[in-house]
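Just so you know, all these numbers are worked out from the coordinates, no wet-lab data involved. Values in this document were obtained by computation on a predicted structure and should not be read as measured data. A quick note on method: Cβ atoms are made from the backbone with ideal geometry, for glycine too, and the neighbour counts reach across all protein chains shown.
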Amino acid sequence: MIAQCDKLLHDKTMHPLISIGNLSDISPNAVIKTGFYHILLRGRSLQPEFGGLCCDYQDATVIFLPPQYPLSHFMANISDSDKNYTYISFHEKLSNNACTEGAPDNYSFFYYRQEESLHISLREKEILLTRIKDITDELNWGIDRYTYTLITEKIELFLNYCKRFYTRQFITRAETNKRIMQQIHKMADLCFFTDKFPKKEISSTDYFAKKLDMSSAYLEDLLKHETGMSMAEYVQLRRLSIAQKLLCQTDKSVSCIAKELGYPSSGHFSKLFKTIFGYTPDEYRNLN
């Protein structure tokens, strides 16, 4: 509970569902087990463990931890001299259920790996610190009938700024993202042109994420940013593009192509093909 956390931090509990402080104030022997979301902000950090690239800003780093990853686990992996982190810990109820496991897509960066952290500019850092001050000011106001609504809105504003800054980070990482997209493209095509990869798993973000050594949440967001599609949609389009080539460049039957590309039946393949391209596979072959 937040009250237990505040006790360890020697802080007064201002609200039972949220706490703001500095990690350096936590006792080295403290064991904090809470089911809360955690946000940590550290100034001037481009450490390898947080995945900073040469194209990233270096004025601060923001790390997001889901409830399944307790704050104590994070603390165990950093030295006592490296605990100058501002933190916010809050219960999912203070995010209008936006961070619950039922709807993680709203703030999917809570499910990124630590090496996929957010690296921000001085201006962005000041914006986030201002938002933290706004939340702190509301906590200091005291609890009344408006507290829940106002704190919720301020937390969501903070998180929405983080979404904006992550989108900016995807933009500044354009060249890195391009190389990742080339790898995904190659992996998808190899799957359908050879038997080395399991076709049933190829539409899964987890499959690609494991091969690329990144979190599924980060990869899905990167793909959405680069293509506007989910992994399932992207792979489906790649598979249909290969089907187009096979129809035009080979004399393989529609049923053979459907089987080769892992479709459950030629009927399913033909229906999907017509839905996307406006022609059945046979009509498309005759036109080309």
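Using the Cβ-Cβ distance between residue 252 and residue 178 with R0 set to 30 Å, the FRET efficiency works out to roughly 0.35. Taken along the Cα-to-beta-carbon direction at a fixed 7 Å, the label points for residue 130 and residue 245 span 5.1 nm. From the alpha carbon centroid of the stretch 133-149 to that of the stretch 212-287 is 52 Å. Among 274-280, 254-260, the peptide with the highest mean count of other Cβ atoms within 10 Å heads the list, and the full ranking is 254-260, 274-280. For the stretch 133-288, the relative contact order works out to 15 percent when only alpha carbon pairs closer than 8 Å and six or more residues apart are counted. Pairs exceeding a 24 Å alpha-carbon distance, out of 83/125; 186/259; 210/259: 210/259.
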